[in-house]
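Novice: Before I ask anything, let me first share the structure, which is written out below as structure tokens.
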């Protein structure tokens, strides 16, 4: 699906400046936006992969996802444009918000345990 309008492909300096402002845990590597999420184990990895899969499919934008026992690596670029575009930045921001979300302190929702045996994701501070 395409709106027909050509997408702007960002160069390395523009990508670096956008990452510093909005996506500080992402990096520009090999022509893609890249992020590694650390999890507590296979169960957490699968939940992160499925969450990213849902967001990507809903956006009709399909990242490369590498899953290991305790980590998920996401790689975003817009294949048909030949580089990093607004599609990648928008999906990266949505993934970041979703995966890093946790309940506010003092609210009705508790959040996942921090015990290593039941740890879901290693949140960034």
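Novice: Beta carbons within 10 angstrom, averaged per residue: use that to sort the peptides 64-75, 26-37, highest first. Walk me through the numbers on the way to the answer.
Specialist: Working: 64-75: 15.3, 26-37: 17.1.
In decreasing order of mean packing, 64-75, 26-37 become 26-37, 64-75.
Novice: At 222 nm, what helix-only mean residue ellipticity would the chain give, in deg cm²/dmol to the nearest 500, using -39500 (n - 2.57) for each DSSP H run of four or more?
Specialist: That comes out to -11500 deg cm²/dmol.
Novice: Quote the relative contact order of the chain in percent (integer), defining contacts as alpha-carbon pairs under 8 Å separated by 6+ residues.
Specialist: 30 percent.
Novice: Still on this structure: State, to one decimal in nm, how far the label point of residue 42 lies from the label point of residue 112, with both points 7 Å from Cα in the Cβ direction.
Specialist: Label at residue 42, label at residue 112, 1.6 nm between them.
Novice: Then there's this: Over segment 52-109, what per residue volume does the convex hull of the Cα atoms give, in whole Å³?
Specialist: 102
Novice: I'm a student and want to see the number: the projected area of the Cα convex hull of segment 1-122, averaged over all directions, in nm².
Specialist: Here the figure is 8.6 nm², rounded to one decimal.
Novice: Taking the alpha-carbon set of segment 17-75, what are its Rg and Dmax in Å?
Specialist: Rg and Dmax of segment 17-75, Cα atoms, are 11.9, 34 Å.
Novice: Ranked from highest to lowest mean number of other Cβ atoms within 10 Å per residue, what is the order of the peptides 52-60, 77-85, 89-97?
Specialist: 89-97, 77-85, 52-60
None of the figures in this text is laboratory data; all of them are computed from the coordinates on show. Given the structure is predicted, the values throughout are model-derived calculations rather than measurements. Cβ atoms come from the backbone with ideal geometry, glycine included; neighbour counts cover every protein chain shown.
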